[in-house]
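Working notes for the structure below.
The values are calculated or read from the model by the stated rules, or taken from the named source; none is laboratory data. Everything quoted here is computed from the prediction, not taken from an experiment. Reconstructed Cβ throughout: ideal geometry from the backbone, glycine too, with neighbour counts over all protein chains shown. Side chains included, ligands, DNA and RNA excluded: accessible areas come from the protein's heavy atoms. Shrake-Rupley method; radii C 1.70, N 1.55, O 1.52, S 1.80 Å.
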Amino acid sequence: MRKIIASLLMFAALPAFAHSGHAEQAASFMVGFIHPLTGLDHVLAMFAVGLWSAATSRRIWLAPAGFAASLLIGALLAQGGFALPVVEPVIAASVLLTGLLVMTRSRLPEAAAAAMAAGFALFHGAAHGQELSAPSSLGGIVLATALLHCLGIAMGLSLKSRSLWWQRIAGAGIALAGAGLAAGLMS
């Protein structure tokens, strides 16, 4: 597990920029990279998609890839001025639902799973796109998302060979966090 995490962290390294103007882009990229990692709702949803995919799908990368692509589309739409309604409630629902899917080990047809993940990701992307204006930040957001999916997949594959109760406990924890997020929006 340590080797997997170390390998994932190597992908986060940025090259040194020797020409003027690139430092600002690197800063924007890093701001974008860090942004999804600062919100528990985003971390849990992205991690849960990877965990669920590893536990229930033969094509493990399909739902995470759909999520990452749709997240980018949602961010681009938001940066272009298109506002989606009820962004925060859908994000909370995505955490709750993906947690329940992990907990119950529910299998959906792979295309349906990818479509559901992509639908949720559109709202996650819209939230990120509303908060960040630099186009270079989007690359960072997508990379952080992919790494969170990879971490979920690695954890899911690791737990798959152990007792299923660990997956159920992880899913229940994620679902409870999603319920807490949803309750917080209602108060």
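Some points to look at:
- Ile169 satisfies every condition listed in (1) at pLDDT 95 or above; (2) β-branched (Val, Ile, Thr); (3) open to solvent by 50 Å² or more (accessible area, probe 1.4 Å) except (1).
- Enumeration of residues in segment 3-33 that are open to solvent by 20 Å² or more (accessible area, probe 1.4 Å) and at pLDDT 55 or above: Ala27, Ser28, Phe29, Met30, Val31, Phe33
- Within segment 34-64, the residues that satisfy the criterion of being open to solvent by 60 Å² or more (accessible area, probe 1.4 Å) and under 14 Å from Ala144 (Cα atoms) are Ile34, Leu37, Thr38, Leu40.
- Hits in segment 65-81 - residues which are surrounded by fewer than 22 Cβ atoms within 10 Å (Cβ to Cβ) and under 15 Å from the mean Cα position of the chain (by Cα): Ala65, Ala69, Ser70, Leu72, Ile73
- Checked against (1) open to solvent by 20 Å² or more (accessible area, probe 1.4 Å); (2) modelled with pLDDT of 90 or more; (3) farther than 20 Å from Ile60 by Cα, Ala175 passes all but a single condition, namely (1).
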